[in-house]
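The values are calculated or read from the model by the stated rules, or taken from the named source; none is laboratory data. The shown structure was predicted, so the numbers you read here are calculated from the model rather than taken from an experiment. With ideal geometry, Cβ positions are generated from the backbone for all residues, glycine too; neighbour counts draw on all protein chains shown.
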Amino acid sequence: MPSMPHTGAMPAHHYLNDGYGIRSWLFTRDHKRIALLYLAGVTFFFFVGGAFAVLIRLELATPAGDLVSDETYNKLFTMHGVMMVFFFLIPAIPAVLGNFLVPIMIGAKDLAFPKLNLASWYIYIIGGLFTLYALVNGGVDTGWTFYTPFSTVSSTTNVIPTALGIFITGFSSILTGLNFIVTMHKMRAPGMTWFRMPLFLWSTYATSLINVLGTPVIAITIALVAVERIFHFGFFDPRVGGDPVLFQHLFWFYSHPAVYIMVLPAMGVVSELVAAGCRKEVFGYKFVAFASLAIAILGFLVWGHHMFVAGESVYSALIFSILSFLVAIPSAVKVFNWTATMYKGSVSFQTPMLYAYGFIGLFTIGGLTGLFLASIAVDVHVTDTYFIVAHFHYIMVGGTIMGYLGGLHFWWPKISGRLYNETLAKLSAGIIFIGFNLTFFPQFVLGYLGMPRRYHAYPPDFQVLNVLSSAGASILGVGYLIPMIYLMWSLRYGRAAGRNPWGAVGLEWTTPSPPPTENFEQTPTVTWEPYDYPSIADAEHRLV
Amino acid sequence: MSSHAHGALAHQFDDLDQQREVASLGMWIFLATEVLFFGGLFLVYSVYRSWYPQAFAAASHELIVWAGTLNTVVLITSSLTVVLAVHAAQSGRRRTLVVMLLATIVLGCVFLGVKAFEYRSEYLEHHVPGMGFQFEPDYFLHAQIFFSLYFIMTGLHAVHMIIGLAIMSVMVWMSSRGDITPEYYNPIEVSGLYWHFVDIVWIFLFPLLYLIGRHVH
Amino acid sequence: MSTDTTHAHASSPTRVYYVIFAVLLVCTYLTWQVAYFDLGRLNTVAALVIAGVKASLVVWFFMHARSGPRLTLVIALGALLWLAILLALTAGDYLTR
């Protein structure tokens, strides 16, 4: 990759100036504009969830529960989890990058169902509003996991609006997944066979499968929680013969695959970044493609590992444990293949690549600690401690958010037609990496030493590690704020990017930046293999 | 091709065939999500039926079998009228299409009417959980779980029926206006798929809810 | 032209639909009757098998899975498989407690 991206001129007509005014945005059917609508939404919810994280880490800077009461603290971690999981991590990469890129990467003019795509955004926002209402009306304190019978019987907080919000937003994921699957099956340009598709699309396809198969189950489950609270039916209430563990089976049947909804798209982004950043085809393309599918499928078979100490039978736990070890294999295949791609590649250190390398390292740590947890003997000691918290934050923040930011930076020139300030971008990436590790590595130690999660006070022996973690969190927060500034600044003052500032291979780099509303000046015919790097200097020559 | 057909082609597609395949594929995937959606309730049902077989049998006895059977026949008939409607659309027989769609709507209304009658009877018998529920003391708690499941599962099914009726009404409107041609009949086909699915859910609900332990008088 | 193929399929099937309709009614009658015999655990099995047959007939003939693309069948079977995963692995817990 050249040290300075190629620059060019802004095209005269593109999707951003194709119609002005709020109505042209709120009634758009252009997948690219819808992607930006989602960008606004997910960014907003990210900072709401982040605000709760700040309060949590402030409280935990001292051993005493002195900032907020225990009940308020319960609300803080609940709202943090709900906002981050359902309104940021699950939609972010698919709805922002996926919506923007899927049609372009396959050479289509739009998704299969553009109006449904817009409806998905409205559904997402309406669900978000229900949850925001719950927030301002006093919050929810059940944990994002809504375990029964607390959530159905005893909790006195806004469970029903939150449950409804999640229920509604779930349909946004379902419909987006449906849209992507149909689009990829039916609307690929001539010559774009399945195995010529970029790996980002394989990951998106696998993610869409999970969205379509898993989300309906959380929908009915969270609806049952709301119904229980209203009608007191007793499905999960042991006093009337119900089983609280049944709720957990239903909840985790979705919520475990949900973590793959969160990480698979990021892995897809990383495949693209590593190929472009090393100017080399991804090693073992088919293995990586099939690994995405394997993760999606196997991910549905392991949910019981969240329930080792909940009361499921030992035999059931054993089966879930073995399957959990198996699901690590395709993830490992991807890490090996990315590494092999980098070997003897022309490795670059542009900002998107920094995020990709960060992902590979941090996801490996998060994933390996997942293996510790798959082992029942270890899990019974560290479950419900900070070890778990550290594990999933390594994957979701060290993994997904790094992938998201890497992708956002990589495709920013395509989306906006502008280049951002590379120095500030590298600086932010560095701050984020340092802040992240300082926040979450101490939490592995804390968990191992026995500090429970979801407690607002702790023994003084744990204070040093907690202070390190809180310090890290403040650094991390700063790291997340800086890109907001320079990315927005670039929209107005950034240099024009030109078609292909990175010299990357892919259909999206053959069209102008920003693309015209119909994506391509004429429908492309694909005759080259993915990541066909050495034989071309600049993908512009590939326009047929 | 008629001007209607050209007007019906959305800009992201190359031709009407692609559009039809896409519409059908989209509906099939949506129905797959519905299988999982209802499936969660079937899981809850399976667990509690295996835990409380006698209570479930006793409670199931209180349901009105002739109503459930009649409704099953009604829905199966409506699936026939739907598939005849699709066939009429494919062959360009507009009057038959409209008649079959109307027949479907009538049958759907009959179904909902019978359900309303059942719900009312169950309410009067004090079998609605949360509204003065009464049952023989031996099975009181667990019969309540059965009835909760009964109302949620048939209620959710009824909601889907109502949506189906709305969709069919729109189909009647489109058909009478002449928007449906042998080249463009996706809306009918896709609506039909949805309707058949709602029928299939009932095909499972009927024996599982109404016919538990019926051999015991 | 693909409209030709759809017409070719469309020209014969009305009779098929009436036949399948009759079979579905017979199965419904069977379901109802079998319920009144004491077959022990087989009652539930019989009910589910008959319901499964009815559902398969609706999918194959009424929903045109018979003449549709293979992908349709993959989706239908996939959905059932996923439901089976939910039921089976949960049952694995309940049956071994």
Are any residues in region A:310-363 in a helix (DSSP H, G or I), touching a residue at least 40 places away in the same chain (Cβ under 8 Å) and within 14 Å of another protein chain (Cβ to nearest Cβ), and if so, which ones? A:317, A:318, A:321, A:324
Quick one: how many residues across region B:61-90 are in contact (Cβ under 8 Å) with a residue 60 or more places away in the chain, at the interface with chain C (Cβ under 10 Å from one of its Cβ atoms) and small (Gly, Ala, Ser)? 3
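Would you check if residue A:176 is part of a helix (DSSP H, G or I) and either away from every other protein chain (no Cβ under 14 Å) or hydrophobic (A, V, I, L, M, F, W, C) (or both)? Before the answer, list the steps.
Working: part of a helix (DSSP H, G or I): yes; either away from every other protein chain (no Cβ under 14 Å) or hydrophobic (A, V, I, L, M, F, W, C) (or both): no.
Answer is no for this residue.
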I want to confirm something. Restricting to region B:126-164 and keeping residues that are exposed (fewer than 12 other Cβ atoms within 10 Å of the Cβ) and within 12 Å of another protein chain (Cβ to nearest Cβ), which single residue is nearest to residue B:51 (Cα to Cα)? B:131
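How many of the residues in region C:22-42 are over 11 Å from the mean Cα position of the chain (by Cα) and under 14 Å from residue B:206 (Cα atoms)?
So the answer is 10.
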Restricting to region A:306-335, and then to whatever is surrounded by 14 or more Cβ atoms within 10 Å (Cβ to Cβ) and aromatic (Phe, Trp, Tyr), can you tell me which residue is nearest to the chain's Cα centre (by Cα)? A:325
Which helices (runs of 4 or more DSSP H) does region C:7-97 wholly contain that include 1 or more residues that are closer than 15 Å to residue B:80 by Cα and either at the interface with chain B (Cβ under 7 Å from one of its Cβ atoms) or modelled with pLDDT under 95 (or both)? C:13-34, C:42-57
From the residues in region B:68-107 that are of a type in the set (Gly, Ala, Ser) and touching a His at 6+ places or on another chain (Cβ under 8 Å), which one is nearest to residue C:17 (Cα to Cα)? B:79
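Looking only at residues in region A:212-259 that are of a type in the set (D, E, K, R) and facing chain B (nearest Cβ under 10 Å), which one is farthest from the chain's Cα centre (by Cα)?
Going through region A:212-259, the residues of a type in the set (D, E, K, R) turn out to be A:228-229, A:237, A:239, A:243.
Cutting the leftovers down to facing chain B (nearest Cβ under 10 Å) gives us A:228, A:237, A:239, A:243.
Numbers: A:228: 31, A:237: 34, A:239: 39, A:243: 32 Å.
This residue is A:239.
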Of residues in region A:180-208 being among the hydroxyl-bearing types (Ser, Thr, Tyr) and part of a helix (DSSP H, G or I), the one farthest from the other protein chains (Cβ to nearest Cβ): A:203
With the condition kept exactly as written, say whether any residue in region A:158-168 is of a type in the set (S, T, N, Q), within 14 Å of another protein chain (Cβ to nearest Cβ) and crowded, with 23+ Cβ neighbours inside 10 Å. no
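Answer with yes or no whether residue A:68 is within 30 Å of residue A:251 (Cβ to Cβ), more than 16 Å from the chain's Cα centre (by Cα) and assigned to a loop (DSSP other than H, G, I, E, B). Outline the logic, then answer.
Values: within 30 Å of residue A:251 (Cβ to Cβ): yes; more than 16 Å from the chain's Cα centre (by Cα): yes; assigned to a loop (DSSP other than H, G, I, E, B): yes.
So residue A:68 fits the description; yes.
Here's the yes/no breakdown for (1) closer than 21 Å to residue B:25 by Cα; (2) without any contact (Cβ under 8 Å) to a residue 40 or more places away in the chain; (3) not acidic (Asp, Glu):
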position	(1), (2), (3)
A:130	no, yes, yes
A:140	no, no, yes
A:148	no, no, yes
A:151	no, no, yes
A:156	no, yes, yes
A:183	yes, no, yes
A:199	no, no, yes
A:213	yes, no, yes
A:216	yes, no, yes
Would you check which residues across region A:114-136 are within 12 Å of chain B (Cβ to nearest Cβ) and surrounded by 24 or more Cβ atoms within 10 Å (Cβ to Cβ) and list them? A:117
For a quick check of your reading of the model, give me the residue pairs whose first member lies in region B:22-34 and is more than 8 Å from chain C (Cβ to nearest Cβ), whose second is modelled with pLDDT under 95 and in a helix (DSSP H, G or I), with beta-carbon atoms closer than 7 Å and at least 6 apart or on different chains. B:23/B:186
